[in-house]
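Engineer: Next up is a structure, given as structure tokens.
The values are calculated or read from the model by the stated rules, or taken from the named source; none is laboratory data. These numbers come from a predicted model, not from an experiment. Every residue, glycine as well, gets a Cβ built from its backbone with ideal geometry; the counts of neighbours run over all protein chains shown.
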Amino acid sequence: MPGRVRAGSTCSVRADPTDVPGMFRDTAETTRQTAARSTLNGLMTWLGEAGLAATATSDGLLAAVDQHSAAIRDALGDPEHGPSAISLAGYATGVRDALIEAEWQLPPMNEVDWSQAEWPTVRLIAICAMARAYGYA
């Protein structure tokens, strides 16, 4: 039978399951990066563009977004260099999932009062600000 070692043989086969051939490892990493950027671009389209435009006209919103961004960098473990696209997208997905579970909904963009933006709105805008700053979206 293929793949079997004959009884008494000194040959041993020890495959390391973490040793993925380079081509597949590179493909997997590219796929993760692409998925992360897609998630962040979707968030930018849904909320980020309008939210970031609002920060340009509201010092209070900008300050709140900066505070949320700092908290996110701390939460993701690299406050000096910032998160990777994959970790930032994972964080965004977690926030989104928690908001869905809590049945929170963003009002239509033309009804958002940016001067009184709710915590989830500011947190999501902060994720978008970081995605833009790091070149992920």
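Residues checked against (1) among the hydrophobic types (A, V, I, L, M, F, W, C); (2) in a loop (DSSP other than H, G, I, E, B):
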| position | (1), (2) |
| --- | --- |
| S87 | no, no |
| G94 | no, no |
| N110 | no, no |
| I127 | yes, no |
| M130 | yes, no |
| A137 | yes, yes |
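Engineer: Anything in region 36-52 that is more than 18 Å from P120 (Cα to Cα) and surrounded by fewer than 15 Cβ atoms within 10 Å (Cβ to Cβ)? List them, or say none.
Structural biologist: S38 - this is the single residue of region 36-52 that is more than 18 Å from P120 (Cα to Cα) and surrounded by fewer than 15 Cβ atoms within 10 Å (Cβ to Cβ).
Engineer: Here is a further query. Identify, by number, the condition in (1) assigned to a loop (DSSP other than H, G, I, E, B); (2) at pLDDT 90 or above; (3) out of contact with any helix residue (DSSP H, G or I) (no Cβ under 7 Å at 6 or more places or on another chain) that W104 doesn't meet.
Structural biologist: (3)
Engineer: Would you check if T30 is of a type in the set (S, T, Y), surrounded by 11 or more Cβ atoms within 10 Å (Cβ to Cβ), modelled with pLDDT of 85 or more and not in a loop (DSSP other than H, G, I, E, B)? It would help to see each step written out before you state the result.
Structural biologist: Working: of a type in the set (S, T, Y): yes; surrounded by 11 or more Cβ atoms within 10 Å (Cβ to Cβ): no; modelled with pLDDT of 85 or more: yes; not in a loop (DSSP other than H, G, I, E, B): yes.
So T30 does not fit the description; no.
Engineer: Go through region 112-125 and give me each residue that's at pLDDT below 95 and part of a helix (DSSP H, G or I).
Structural biologist: Within region 112-125, W114, S115, Q116 meet the criteria.
Engineer: Filtering region 60-85 down to residues that are in a helix (DSSP H, G or I) and charged (D, E, K, R), which residue is farthest from R32 (Cα to Cα)? Give the steps one after another, and end with the answer.
Structural biologist: Of the residues in region 60-85, the ones in a helix (DSSP H, G or I) are 60-75, 85.
Remaining after also requiring charged (D, E, K, R): 66, 73-74.
Numbers: D66: 27, R73: 20, D74: 22 Å.
Among those residues, the one meeting the criterion is D66.
Engineer: Follow-up. Hey, does region 90-98 have a residue that's modelled with pLDDT of 95 or more and in contact with a Ser or Thr (Cβ under 7 Å, 6 or more places away or on another chain)?
Structural biologist: Checked region 90-98: at least one residue is modelled with pLDDT of 95 or more and in contact with a Ser or Thr (Cβ under 7 Å, 6 or more places away or on another chain).
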